[in-house]
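Everything below concerns the one structure shown next.
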Amino acid sequence: MKIEPQNIYSVLLDVNVCIDVLTERSLTSSEIKQLFIILRRNKIKTYIPACSLDTIYYVLKRMGVEGDNAKDSIRKLIKYTSLAFSSNESVHYSFGSDFKDFEDGLINAIAVKNNIDVIITSNVADFLKSILPIFHPKDFIKLFS
């Protein structure tokens, strides 16, 4: 699905992008900075799935980040984003979707049911069934270049 930059008012950062942002795992610090400059400069409301905070914390700990540092990283992330919540409706929407992975289906459902314009994920192939435009962070950055 094609979308023009001027029509993007909100994005949902998938769990993997949140982890990439916090750890520079597959994004450079320059790319992370570019992404957030684009989001702020264009006044794009940025969401993360509230139901994924525990997963983010768990992965950070598995990567060797100490508990308090993991919490501080998440606090910093939610300082610059808003939480998008799941609902009965989004869970049932996910169950009825063609997504093979429930978590991906739920992330998609949260974005759809919260009227979010775009999902940014490092695993674009996992979201091929989405009705929303899906971008890898690097492609999202290129869209605004």
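For this structure, a couple of remarks:
- Scan of the stretch 28-74 for residues that are surrounded by fewer than 14 Cβ atoms within 10 Å (Cβ to Cβ), in contact (Cβ under 8 Å) with a residue 24 or more places away in the chain and over 28 Å from SER90 (Cα atoms), ordered by number: MET63
- Neighbours by Cβ (under 6 Å, 6+ apart or cross-chain): first from the stretch 75-94, closer than 25 Å to LEU60 by Cβ; second hydroxyl-bearing (Ser, Thr, Tyr): THR81/THR46; SER82/TYR47; ALA84/TYR47
- Here the condition is being assigned to a loop (DSSP other than H, G, I, E, B), at pLDDT below 95 and under 26 Å from ILE3 (Cβ atoms); of SER90, SER97, it holds for SER97 alone.
- Filter result (surrounded by 13 or more Cβ atoms within 10 Å (Cβ to Cβ), of a type in the set (Ser, Thr, Tyr) and out of contact with any strand residue (DSSP E or B) (no Cβ under 6 Å at 6 or more places or on another chain)) within the stretch 75-106: SER86, SER90, TYR93, SER94, SER97
- Residue, nearest to PHE36 (Cα to Cα), within the stretch 78-87, restricted to residues that are among the polar types (S, T, N, Q) and in a loop (DSSP other than H, G, I, E, B): THR81
- Verdict on ILE119 being out of contact with any Gly (no Cβ under 6 Å at 6 or more places or on another chain), of a type in the set (A, V, I, L, M) and under 15 Å from ASP14 (Cα atoms): yes
- The number of residues in the stretch 105-145 that are within 19 Å of GLU24 (Cβ to Cβ) and of a type in the set (Gly, Ala, Ser) comes to 1.
The values are calculated or read from the model by the stated rules, or taken from the named source; none is laboratory data. The model shown is predicted, which means the values in this text are computed figures rather than measured ones. Glycine gets a Cβ as well: all are built from the backbone with ideal geometry, and neighbour counts include every protein chain shown.
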